[in-house]
Amino acid sequence: MEQLDIKSLYEDEIQERMLSLGEKKFRGKQVYEWLHKKTAGSYEEMSNLSKGLQEKLKEQEMLVSLEVVEEQISKIDGTRKYLFRLHDGHVIESVWMKYKHGNSVCISSQVGCRMGCRFCASTIGGLTRSLLPSEMLDQIYRIQAITGERVSNVVVMGTGEPLDNYDNLLRFIHIISDEKGQNISQRNITVSTCGIVPKIYELAKEGLGITLALSLHAPNDEKRKELMPIAYKYSLDEVLPACKDYFDKTGRRLTFEYSLVGGKNDSEEDAAQLAGLIRGLNCHVNLIPVNPIKERDFVQSNKKVIENFKNKLEKYRINVTIRREMGRDIDGACGQLRKSYLDIRENLS
């Protein structure tokens, strides 16, 4: 296993680290609480630790704390988009959204992405590296500190493929839902995947209460291959049984994400085929009007086409909603803010 930083460790692992530093075991409990309940950004904030221990920790244990590079706030709905700098200079993005039922944060799981989905800005430039659990956690911790508001819902649906960073994702889920930390209910955590079949089966066995969201985006393999390279590796005949297994083992209703691309996957025939594909599954379809990006020639379906698609699914008794577009006047879609930042930096160099 890779050497994990202190914020990525479970409480008992921090206790072991304290013992190895010649400290009492209970110090591990104190440090864990500072990191995950009080979300301290530095060792100096840990006021019940001696100066000697603070210095020892500063010398031997890197403490991940993300730095805000840019904040964009939507004038339409108050959605906030953050660009964070990591300790190695790479940047990631996160989104804070305010809903009636509580505040939701969409976090990134990787720097870049290697999945290559054609309509997504996150994947342009490929994968740089996966995020540590601490770097996933601190997106939430920093946003709570900035906004002064508690986050109650977490969506792992930003830049990256979460199941391509599987072990770190699991640690993140266990720590963010720990009652000794932020205690965010696993029922309020959604993990999105483009469909890495073996990992879906593995996740189903973990005994978690999270929601699984599959990026479906097409009603058949041919159209899916046009949009998502992962479809060449795993067909829908493999992906959907894995999703059904997830529901059977967890009892958690499935979510299917479906980005509507004008003229590509948005006809009534596509809707009928989609209904036939998922009929009988305990699921919810989330229709997403695709966010156009300048590097691709995809366009958003018009409102009437979107409504017709939704109505067609409802006729087949499919549970469906159209995702509310949040932060449309800022770089709201996955990868857009990071991409524009990197473009500017490249033009200046």
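The values are calculated or read from the model by the stated rules, or taken from the named source; none is laboratory data. Values in this document were obtained by computation on a predicted structure and should not be read as measured data. Glycine also receives a Cβ, built like all others from the backbone with ideal geometry; neighbour counts cover every protein chain displayed.
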From the options G263, G209, residue that is loosely packed, with under 14 Cβ neighbours inside 10 Å and not in a strand (DSSP E or B): G263
The range 242-263 residues that are over 12 Å from T211 (Cα atoms), paired with ones that are modelled with pLDDT of 95 or more and of a type in the set (F, W, Y) (beta carbon under 7 Å, 6 or more apart): A242/Y201; D245/Y201; L260/F309
Scope the range 105-148; condition hydroxyl-bearing (S, T, Y) and at pLDDT 95 or above; matching residues: S108, S109, T128, S130, S134, Y141, T147
Qualifying residue in the range 165-186 (condition: within 30 Å of V299 (Cα to Cα), in contact with a Phe, Trp or Tyr (Cβ under 9 Å, 6 or more places away or on another chain) and not in a helix (DSSP H, G or I)): no
Matching option when the condition is surrounded by 14 or more Cβ atoms within 10 Å (Cβ to Cβ), of a type outside the set (D, E) and modelled with pLDDT of 95 or more, among A272, A333: A272
Any hit, the range 5-15, residues being farther than 24 Å from H87 by Cα and crowded, with 16+ Cβ neighbours inside 10 Å: yes
Within the range 10-45, tally of residues that are over 16 Å from Y141 (Cα atoms), in contact with a Phe, Trp or Tyr (Cβ under 9 Å, 6 or more places away or on another chain) and not in a helix (DSSP H, G or I): 1
Answer residue from the range 218-227, given it is at pLDDT 95 or above and crowded, with 21+ Cβ neighbours inside 10 Å and is farthest from R114 (Cα to Cα) among those: P219
